[in-house]
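Visitor: Can you keep this structure in mind? I'll have questions shortly.
The values are calculated or read from the model by the stated rules, or taken from the named source; none is laboratory data. Only a predicted model underlies this, so the values are computations on that prediction, with no experimental measurement involved. Don't worry about glycine lacking a Cβ; one is built from the backbone with ideal geometry, like all the others, and counts go over all protein chains shown. The protein model used for the area step is the full one, side chains on, heavy atoms only, and it has no ligands, DNA or RNA in it. Shrake-Rupley method; radii C 1.70, N 1.55, O 1.52, S 1.80 Å.
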Amino acid sequence: MTDIPNLDELIRMALREDIGDGDHSTLACIPPSATDCAKMVAKQDGVICGCEVGEKVFKIVDSSLNVTMIKKDGDFVAKGDIIMLVEGHSGSILTAERTALNFMQRLSGIATETNRMVKMLAGLNTRLLDTRKTTPNMRLLEKYAVHCGGGTNHRIGLYDMIMLKDNHIDFAGGIESAIDRTHEYLRSIGKSLKIEIEVRNLDELNRVMAHGGVDRIMLDNFDIPTLREAVRRIEGRYETEASGGITDQTLRPYAETGVDYISVGALTHHIKSLDISLVKK
């Protein structure tokens, strides 16, 4: 996680948002010289994520705080497990508490949900993908949480892979035109990026397969019998990805069609945070 650009500034922004002109609750009742030790505790089972972020929050608030990690990112935790210990100025611990928990609860929630869904695919070759449906400025952290939960990261943004979705195709004048223009553009800028294209039915799939020039085909909102037929027609010529409206009840049946990837936007945009608390040791 240390290679995430601007992580310190993201944390400082979150702290400025929370603290404003001062943590007046703490300043009002905690003597400046008071010291203590607190423990961060899991209040439900799950996969922990964001330990380094939490540690950085405490250290940015007060570099003299001593943070001891008991768990690391990707570890399974049970209700009652201690995740970390924080020792030092009581006021600093209290000021940093909520921001540290906000980061860690959300990232752990994503890792936990991802892990739950990955387990549903046990024994199959299909991999679970995230999407770009992320919290602004939190994308790299949220995709890191997906990775900690055992999922696979899709493209990071608009810059590291070409994805020709339905609107691109319609605005470009059709499937063939969109693919050809993409190759011309990549040649003109000297870039080599993988190309994925979305198809909405078997007729569009046939057009893509006849034209070629892509690396992966996204089969969007296909029902299971149609997806199975699409995967059969592609027969390993291209990577395949299923997307759209896939639920707990349909995840494994979709995977059993032999599709290479299933993308689930809900991994990052419709998630319940893991319950974690910080209490006096």
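Visitor: Mind telling me which of the residues PRO31, PRO5 ends up being over 23 Å from the mean Cα position of the chain (by Cα) and either assigned to a loop (DSSP other than H, G, I, E, B) or surrounded by 16 or more Cβ atoms within 10 Å (Cβ to Cβ) (or both)?
Guide: On the way: PRO5 fails: over 23 Å from the mean Cα position of the chain (by Cα).
Step by step, each of PRO31, PRO5 is checked, and only PRO31 is over 23 Å from the mean Cα position of the chain (by Cα) and either assigned to a loop (DSSP other than H, G, I, E, B) or surrounded by 16 or more Cβ atoms within 10 Å (Cβ to Cβ) (or both).
Visitor: Hey, another quick one. Among residues belonging to segment 241-265 that are in a helix (DSSP H, G or I) and of a type in the set (D, E, K, R), point out the one that is nearest to ARG139 (Cα to Cα).
Guide: ASP248
Visitor: Also, I was wondering about something else. Restricting the search to segment 170-189, which residues are open to solvent by 70 Å² or more (accessible area, probe 1.4 Å) and either of a type in the set (Gly, Ala, Ser) or under 24 Å from TYR261 (Cα atoms) (or both)?
Guide: SER188
Visitor: Of ALA178, ALA210, which residue is modelled with pLDDT of 95 or more, in contact with a helix residue (DSSP H, G or I) (Cβ under 8 Å, 6 or more places away or on another chain), part of a helix (DSSP H, G or I) and not acidic (Asp, Glu)?
Guide: After applying the criteria, what remains is ALA178.
Visitor: Could you grab me the full set of residues in segment 223-263 that are at pLDDT below 95 and of a type in the set (A, V, I, L, M, F, W, C)?
Guide: ILE246
Visitor: Further question on the same structure: Whether any residue in segment 148-169 is open to solvent by less than 90 Å² (accessible area, probe 1.4 Å), closer than 28 Å to ILE48 by Cα and part of a helix (DSSP H, G or I) is what I want to check.
Guide: Yes: one or more hits.
Okay, residues lined up against (1) in contact (Cβ under 8 Å) with a residue 24 or more places away in the chain; (2) on the phi > 0 side of the Ramachandran plot; (3) in contact with a helix residue (DSSP H, G or I) (Cβ under 7 Å, 6 or more places away or on another chain):
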site: ILE162; (1), (2), (3): yes, no, yes
site: HIS168; (1), (2), (3): no, no, yes
site: LEU193; (1), (2), (3): yes, no, yes
site: MET218; (1), (2), (3): yes, no, no
site: LEU227; (1), (2), (3): yes, no, yes
site: GLN249; (1), (2), (3): no, no, no
site: ARG252; (1), (2), (3): yes, no, no
site: GLY258; (1), (2), (3): yes, yes, yes
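Visitor: Go through (1) outside any helix (DSSP H, G or I); (2) open to solvent by 40 Å² or more (accessible area, probe 1.4 Å); (3) among the hydrophobic types (A, V, I, L, M, F, W, C) and name the single condition CYS49 misses.
Guide: So the condition that CYS49 fails would be (2).
Visitor: Would you confirm whether or not segment 123-139 contains a residue that is in contact with a Leu (Cβ under 7 Å, 6 or more places away or on another chain) and surrounded by fewer than 17 Cβ atoms within 10 Å (Cβ to Cβ)?
Guide: yes
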